[in-house]
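The values are calculated or read from the model by the stated rules, or taken from the named source; none is laboratory data. Everything numeric in this text was worked out from a predicted model, so none of it was measured. Heads up, the Cβs are rebuilt from the backbone with ideal geometry, glycines too, and the neighbour counts pull from every protein chain shown.
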Amino acid sequence: MEEKQVKRRMVVLVPVPAQGHVTPMMQLGKALHLKGFSITVVQTQYNRVSSSKDFSDFHFLTIPGSLTESDFKNLGALPFLLKLNQVCEASFKQCLSQLLHEQGDDDIACVVYDEYMYFSQPAAMEFQLPSAVFSTTSATALVCRSVLSKVNAAAFLIDMKDPETQDKVFPGMDPLRYKDLPTSAFGPLESIIKLYNNAVNIQTASAVIINSASCLESSSLARLQRELQVLVYPIGPLHIAASAPSSLLEEDRSCVEWLNKQKSSSVIYISLGSLALTQTKEMLEMAWGLSNSNQPFLWVIRPGSVPGSEWTESLPVEFSKLVLERGYIVKWAPQMEVLRHPAVGGFWSHCGWNSTLESIGEGVPMICRPFTGDQRVNARYLESVWRIGVLLEGELDKGTVESSVKRLTVDEEGADMRKRAIDLKEKLEASVRSGGSSSSSLDDFVNSLKMKNSM
Ligand code: UDX
């Protein structure tokens, strides 16, 4: 009998063009594709995901006239994002109109856009398409952004400049202190509050999807559900639910061969994600602290991440000799494979939400050195809620680096953190298994899309 091909309904995805946002959006695409939807990814001209074999079933569209790599370099991250939202609104409408023309009115099930790509919302409304906001950070960080979007910027700035206030718990956000709130290293407070205001203003979307799980932050999720006017779906961690390799930089896999030669749980893996910067002084303290710790290390130094240097030229010659004996430096690593490797005993991280989930997902305890935004929230939670991280604050010196590495990889304290991390790993795995909280939440979201006109 001839098999009838059922046409898949389409989900349109709009990711922010940055690694930490592209990765979870592509994972969400995989998860929704597995549930029977076709996936169209609408991208800007900067940081496009290649339509490689991993995404051969996806369609990719580029928004014409959107900003480019040189705009990012000239403007900086925060103004870039604000401007991107201005310039893309009209051209995204054209893209959607074209898609509707090709697909037919009923065939777009939903437009899922990153919280920071809020230019997508007016287009979805104009064409009366269901839409959902995808928040790629933790639920707690989203609660913080919602709170910050309502503060008086001038008064808050005065509070933030007072060292005593900085150490106080922010009202209603225990254990987060003023200094843990997601302000930005990439622009002035007024701009970040403006961005949060635009992004959190989500009443017109039908749902909020979050890459998190109730076993990690049930009270923040409950608070979000109370405060936002729409349904909140915690469906993470997506990297366990639906892996989707989408590295924008080339991964150096030679470090895995190096890891193969190291003792179990001995290596400290250092990576500060795709945007964080390290000043030369701090980099040197890290280098000498690592040297004095006597532990093997794998260090990702992204070209351009040390202002004033191309790559590693500011490291002293003596350190280069040590690297040959006890360390390994790469420009970009296959992070998931590294964290999964039995030789890795700890992860020194900027605590981006993806890195945080990936580390917990492999039961690896962390040294937390947040750089900006939600990373501070994650670092505080790693240290004092989940108790699987050592938080490094203030100016860094080699003595603190040495003792933190030993606390994590040699001392009993590190072993206890590892046990708690493994316990969380098991809970995360259970949450994305059939019947688990995140798996059920994804099913609920999918069912809401399948019920036509229900959103
Ligand atoms: C940023 C923010 O820091 C983060 O908090 C926010 O949630 C998203 O945007 P980023 O700095 O890129 O993200 O950090 P992170 O969220 O940790 O994402 C980095 C991704 O790059 C991870 O998925 C990680 O596996 C990958 N990576 C990192 C590599 O594949 N190789 C590396 O060497 C380093």
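In segment 378-419, what residues are aliphatic (A, V, I, L, M), in a loop (DSSP other than H, G, I, E, B) and more than 26 Å from Ser138 (Cα to Cα)?
Leu396, Val410
Per-residue answers, yes or no, for (1) modelled with pLDDT of 95 or more; (2) under 29 Å from Val432 (Cα atoms); (3) aliphatic (A, V, I, L, M); (4) away from the ligand (no atom under 16 Å from the Cβ):
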| site | (1), (2), (3), (4) |
| --- | --- |
| His21 | yes, yes, no, no |
| Val49 | no, yes, yes, no |
| Ser56 | no, yes, no, yes |
| Leu67 | no, no, yes, yes |
| Asp71 | no, no, no, yes |
| Leu81 | no, no, yes, no |
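Can we say Asp174 is modelled with pLDDT of 95 or more, acidic (Asp, Glu) and in the same structural domain as Met25 (by TED's automatic domain parsing)?
Against the criterion (modelled with pLDDT of 95 or more, acidic (Asp, Glu) and in the same structural domain as Met25 (by TED's automatic domain parsing)), Asp174 qualifies.
Would segment 237-244 turn up any residue that is surrounded by fewer than 19 Cβ atoms within 10 Å (Cβ to Cβ) and either among the aliphatic types (A, V, I, L, M) or away from the ligand (no atom under 16 Å from the Cβ) (or both)?
Taking every residue of segment 237-244 in turn, none turns out to be surrounded by fewer than 19 Cβ atoms within 10 Å (Cβ to Cβ) and either among the aliphatic types (A, V, I, L, M) or away from the ligand (no atom under 16 Å from the Cβ) (or both).
Hey, can you tell me all the residues within segment 170-198 that are more than 30 Å from Gln86 (Cα to Cα) and in contact with a Leu (Cβ under 7 Å, 6 or more places away or on another chain)?
Phe170
Inside segment 132-153, can you point out the residues that are crowded, with 22+ Cβ neighbours inside 10 Å and among the hydroxyl-bearing types (Ser, Thr, Tyr)?
Hits for segment 132-153 are Ser135, Thr136, Thr137, Ser138, Thr140.
Do we find that Met417 is within 30 Å of Gln128 (Cα to Cα) and over 21 Å from the mean Cα position of the chain (by Cα) in this structure?
no
Among what's in segment 338-360 and is within 20 Å of Leu408 (Cα to Cα) and polar (S, T, N, Q), pick the residue that is nearest to the ligand (Cβ to nearest atom).
Ser355
Tally the residues that are in contact with a Gly (Cβ under 7 Å, 6 or more places away or on another chain) and within 11 Å of the ligand (Cβ to nearest atom), restricting the search to segment 270-280.
2
Look at Glu313 and say whether it is of a type in the set (Asp, Glu), away from the ligand (no atom under 15 Å from the Cβ) and either closer than 29 Å to Pro237 by Cβ or in contact (Cβ under 8 Å) with a residue 24 or more places away in the chain (or both).
In short, no.
Looking at segment 196-217 only, could you name the residues that are part of a helix (DSSP H, G or I) and over 19 Å from the mean Cα position of the chain (by Cα)?
Correct list: Asn197, Asn198.
Pairs, please: C-beta under 8 Å, at least 6 apart or cross-chain, first residue more than 11 Å from Ser266 (Cα to Cα) and in segment 293-307, second among the small types (Gly, Ala, Ser) and not in a helix (DSSP H, G or I)?
Short answer, once both residue conditions are applied: Trp299/Ser271; Trp299/Gly327; Val300/Ser271; Val300/Ala333; Arg302/Ser274; Ser305/Ala276; Val306/Ser314.
Among the residues of segment 121-155 satisfying the criterion of being among the hydrophobic types (A, V, I, L, M, F, W, C) and closer than 23 Å to Ser91 by Cβ, which is farthest from the chain's Cα centre (by Cα)?
So the residue we want is Phe127.
Just the residues that are touching a Gly at 6+ places or on another chain (Cβ under 8 Å), more than 13 Å from the ligand (Cβ to nearest atom) and among the small types (Gly, Ala, Ser), please, taken from segment 374-403.
Residue satisfying the conditions is Gly399 alone.
I'd like to know if segment 247-260 contains one or more residues that are more than 12 Å from the ligand (Cβ to nearest atom), in a loop (DSSP other than H, G, I, E, B), modelled with pLDDT under 95 and crowded, with 16+ Cβ neighbours inside 10 Å.
No, there is no match, as no residue in segment 247-260 is more than 12 Å from the ligand (Cβ to nearest atom), in a loop (DSSP other than H, G, I, E, B), modelled with pLDDT under 95 and crowded, with 16+ Cβ neighbours inside 10 Å.
Just one of Phe55, Phe92 is over 28 Å from Tyr196 (Cβ atoms) and out of contact with any Asp or Glu (no Cβ under 6 Å at 6 or more places or on another chain); which is it?
It is Phe55.
Tyr118 versus (1) over 24 Å from the mean Cα position of the chain (by Cα); (2) surrounded by 14 or more Cβ atoms within 10 Å (Cβ to Cβ): which is the lone unmet condition?
The failed condition is (1).
When you scan segment 328-337, do you find a residue that is within 12 Å of the ligand (Cβ to nearest atom), within 22 Å of Thr140 (Cα to Cα) and of a type in the set (Asp, Glu), even just one?
no
Could you please let me know if Thr136 is more than 26 Å from Ile209 (Cα to Cα) and touching a helix residue (DSSP H, G or I) at 6+ places or on another chain (Cβ under 8 Å)?
For Thr136, the condition - more than 26 Å from Ile209 (Cα to Cα) and touching a helix residue (DSSP H, G or I) at 6+ places or on another chain (Cβ under 8 Å) - is not met.
Please give the number of the condition Val42 fails out of (1) in contact with a Cys (Cβ under 7 Å, 6 or more places away or on another chain); (2) within 16 Å of the ligand (Cβ to nearest atom); (3) of a type outside the set (Lys, Arg).
Every condition holds for Val42 apart from (2).
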